[in-house]
1. Restricting attention to segment 150-165, and to residues there that are over 17 Å from I207 (Cα atoms) and of a type in the set (A, V, I, L, M), which single residue is modelled with the lowest pLDDT?
2. Mind counting the residues in segment 98-116 that are assigned to a helix (DSSP H, G or I) and in contact with a Lys or Arg (Cβ under 8 Å, 6 or more places away or on another chain)?
3. Determine which single condition Q7 fails, assuming it passes every other condition in (1) of a type outside the set (V, I, T); (2) surrounded by 14 or more Cβ atoms within 10 Å (Cβ to Cβ); (3) not assigned by TED's automatic domain parsing to the domain that holds H72.
4. If I filter segment 123-139 for residues that are under 20 Å from D209 (Cβ atoms), without any contact (Cβ under 8 Å) to a residue 24 or more places away in the chain, surrounded by 14 or more Cβ atoms within 10 Å (Cβ to Cβ) and β-branched (V, I, T), do I get at least one hit?
5. Could you please give the count of residues in segment 29-79 that are surrounded by 12 or more Cβ atoms within 10 Å (Cβ to Cβ) and part of a strand (DSSP E or B)?
6. Yes or no: segment 13-35 includes at least one residue that is touching a strand residue (DSSP E or B) at 6+ places or on another chain (Cβ under 7 Å) and in contact (Cβ under 8 Å) with a residue 40 or more places away in the chain.
7. Please pick out the residue among L197, L169 that is outside the structural domain of A69 (by TED's automatic domain parsing), in a loop (DSSP other than H, G, I, E, B) and not small (G, A, S).
8. Which of (1) over 24 Å from the mean Cα position of the chain (by Cα); (2) among the β-branched types (V, I, T); (3) under 18 Å from V89 (Cα atoms) does V53 not meet, given it meets every other one?
Amino acid sequence: MMGQKNQLWWDLPASESFELNKLIYEIDERRYKEALDELVTLLGVEEQLHVQVRRLSLGERMKMELIAALLHRPRVILLDEPTIGLDLVSQRRIREFFKAYNRAHRTTILLTSHYMKDIEDLCRRSIIISGGQLVYDGDLHKVNEVIGARKLLKVRLETPVPNLTLTGLGKLRSNSELEAIFELDAEDTLTWSKKILDALPVVDFTIEDVPLEEGIANLYDGGRLADAK
């Protein structure tokens, strides 16, 4: 299933394309009815089954595409950018559907995407390829550990602080009049956080992981790899 391609007949209701797929995949009537009822219920599209495909919203059409792809109960599902162009609510519903379907049928799902939210939410195992070479294979959330664990300390200030003072407190990523972001070694987070908070007029702060996108970008740029398994 590809986010930018469609297999449904544009001028027909989705239900008629489903009937065609039933014949193509030689699905018997009982299995077809069971699969269709389950998928329609999971995706909540009972009211749209007999609506001409061209009249469906993008989110509704993607749900119908999913049904068409899964009617024959494939053991492996290949997804390419499945939520591209969808609004946030539709994206979440599609992801929830895949998780429920995977639990119910133990289906292997291979997802290719540049959209990190899909990958973070759905994938237990991630493979990163750069220049045709495998650069990472493992838990997505360990990417940053592989290239060196870092944390971000974001502080909101009561009054402006000179830039020279901020840079003297550690690695300053960015700062505005009343906000500054420091990058810290994960092992030294407590020590450096205390030092910074004691030295500045802080009214609020958060400690966050470095965004996964940055860790992945470092892998693409040839960052140092270690065995994360």
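1. Keep residues of segment 150-165 that are over 17 Å from I207 (Cα atoms), which gives 158-165.
Narrowing further to those that are of a type in the set (A, V, I, L, M): 161, 164.
Working: V161: 91, L164: 87.
Result: L164.
2. Applying the first criterion (assigned to a helix (DSSP H, G or I)) to segment 98-116 yields 98-105, 116.
Next, only the ones that are in contact with a Lys or Arg (Cβ under 8 Å, 6 or more places away or on another chain) stay: 105.
Matching residues across segment 98-116 total 1.
3. Here Q7 meets the rest and fails (2).
4. No, that holds for no residue.
5. Qualifying residue count for the region: 4.
6. As a first pass, look at segment 13-35 and keep what is touching a strand residue (DSSP E or B) at 6+ places or on another chain (Cβ under 7 Å): 13.
Of the ones still in play, those that are also in contact (Cβ under 8 Å) with a residue 40 or more places away in the chain are 13.
Scanning segment 13-35, I find at least one residue that is touching a strand residue (DSSP E or B) at 6+ places or on another chain (Cβ under 7 Å) and in contact (Cβ under 8 Å) with a residue 40 or more places away in the chain, so the answer is yes.
7. The match here is L169.
8. Unmet for V53, out of (1) over 24 Å from the mean Cα position of the chain (by Cα); (2) among the β-branched types (V, I, T); (3) under 18 Å from V89 (Cα atoms): (3).
The values are calculated or read from the model by the stated rules, or taken from the named source; none is laboratory data. A quick note: this is a predicted structure, and the numbers were derived from the prediction, not measured. Counting neighbours? That spans all protein chains shown, and the Cβs are built from the backbone with ideal geometry, glycine included.
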